[in-house]
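Below is one structure, written out as structure tokens; the observations come after it.
Bear in mind these aren't lab numbers, they're just calculated from the coordinates by the rules spelled out. If you're wondering where the values come from, they're calculated on a predicted model, not measured in any experiment. We place every Cβ from the backbone using ideal geometry, glycine too, and count neighbours over all the protein chains shown.
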Amino acid sequence: MILVTGATGKVGRAAVHQLHEAGVDVRALVRRPESVTFPSGVEVVRGDLSDPGSLDTALDGVHAVFLVWPTLEADAAAPAVIRRLAEQARHLVYLSARGADERVGAVLGSHGYLERLIAEAGVNWTFVRAGGFAGNDLGWADSIRTEGVVREHYDAWARSVIHERDIAAVGVGALLEGHIGVVYEVTGPESLTAPQRARIIAEVLGVPVRFEKTSREQMLAEMSTWMPVADVNTALLGMDEMTARPEPVLPTVAEVTGAPAHTYRQWVTDHVADFR
């Protein structure tokens with residue numbers, strides 16, 4: 001039995017489907033089982049990573065975990081949760097982030113913190129450090145539908161964003177093939193700025209989409225609605241640094257899965273309904 005946490009998110013849901021298609025017994029951990037639908041044969045269990053005591057049923061009989069963590073939101077519970085996972089599971093695949101470093105704080109600091117806890121827990125581990133998620137661009141969907149516009153501050157930041165199916169496939173491969181003690185850095189197959197991605201969305205949808213650069217103050221205000229201001233400032237400084245150098249395009253997806261990473265155009269095609 002493999003447990004997938006964050007199973008209603010983009011990567012977690014893809015991992016559940018891929019494991020099920022591989023004929024593996026898979027259990028999906030969700031906060032509200034009544035609101036989700038998975039293929040017949042997928043076991044759905046209620047649980048919350050911010051509440052270690054809620055995980056008993058989910059962990060019963062589990063031998064491996066695909067861990068998608070609610071970054072920052074549940075960090076206070078992380079030591080207790082990781083201990084519980086390590087006591088039950090033999091292998092833990094953690095969805096981390098490129099640049100994970102406990103010393104830098106904010107989101108990358110959180111990922112670095114989780115990596116350390118897992119490495120110290122005595123469980124077999126694999127870290128899948130993903131670059132930018134293509135799925136984050138779904139945050140543009142409302143403004144594209146209503147105004148035909150994409151608004152972002154960092155217009156020159158070239159990112160090799162990755163399809164959630166590719167992230168999941170690397171983690172699933174690690175679980176099924178027993179890749180232990182390996183750090184996989186994964187990216188998409190091309191480096192694109194936000195204006196370039198907006199143009200691809202327009203071409204796939206067949207509608208005009210313009211790019212509009214926002215101010216730093218607007219971005220700070222927006223991010224402050226879900227992240228402490230100190231962490232927002234740290235994150236923005238990191239983005240400033242990354243804007244000066246494009247993200248690399250890495251071959252990891254093809255090396256692990258045997259198939260090339262999906263292009264951004266393929267990702268948009270898969271999500272046309274979300275943008276419309």
Need the full-extension length gain, Val182 to Asn136, defined as separation in residues times 0.36 nm minus the C-alpha distance. One decimal, nm. 14.0 nm
When DSSP assigns beta bridges and you keep just the ones with both residues in the chain, what percent turn out antiparallel, to the nearest 5? 5
Restricting things to Cα coordinates, could you compute the convex hull volume per residue of region 99-244 in Å³? 127
Which whole-percent values make up P(r) of the chain when all C-alpha to C-alpha distances are grouped in 10 Å steps starting at zero? 7, 28, 35, 24, 6, 0
Rounded to whole Å and sorted largest first, list the principal axis extents of the Cα atoms in region 89-151. 51, 26, 13
Full extension from Asn233 to Ser143: what is 0.36 nm times the residue separation minus their Cα-Cα distance, to one decimal in nm? 29.9 nm
Diffusion constant of region 6-63 at 20 °C, which comes from Stokes-Einstein with the Kirkwood Cα-pair radius and 1.002 mPa s, µm²/s: 184
Estimated FRET transfer efficiency (Thr243, Asp60; beta-carbon r; R0 51 Å; 0.05): 0.65
What is the Cα coordinate range of region 192-232 on the first, second and third principal axes, sorted by size from largest, in whole angstrom? 39, 17, 16
Nearest 20 debye, what's the magnitude of the dipole of region 151-276 about its Cα centre given +1 on Lys and Arg Cβ and -1 on Asp and Glu Cβ? 400
Ordered by fewest other Cβ atoms within 10 Å, a rough proxy for footprinting exposure, Asp137, Asp48 read Asp48, Asp137
How large is log10 I(q)/I(0) at q = 0.15 Å⁻¹ when the Debye formula is applied to the Cα atoms of region 152-226, each weighted equally and without solvent? -0.75
Which values, in whole Å and largest first, are the semi-axes of the equivalent ellipsoid of region 165-276 obtained as the square root of 5 times each eigenvalue of the Cα gyration tensor? 29, 22, 14
Taking the chain as a Gaussian network, where each spring joins two C-alpha atoms under 10 Å apart, which residue of Ser215, Ser40, Ser160 fluctuates the most? Ser40
GNM top mover of Glu217, Glu120, Glu185 - the chain, alpha-carbon springs below 10 Å: Glu217
Would you mind telling me which residue in Thr263, Thr57, Thr187 has the biggest mean-square fluctuation in a Gaussian network model of the chain, where springs connect alpha carbons within a distance under 10 angstrom? Thr57
What is the diffusion coefficient of region 122-190 in µm²/s, taking the Kirkwood radius over Cα pairs and the Stokes-Einstein relation at 25 °C with a viscosity of 0.890 mPa s? 174
Based on the Kirkwood radius over alpha-carbon pairs, what is the Stokes-Einstein translational diffusion coefficient of region 2-121 at 4 °C with 1.567 mPa s viscosity, in µm²/s? 90
Any idea what the dipole of region 1-110 comes to, in debye rounded to 20, about its Cα centre with Lys/Arg Cβ at +1 and Asp/Glu Cβ at -1? 200
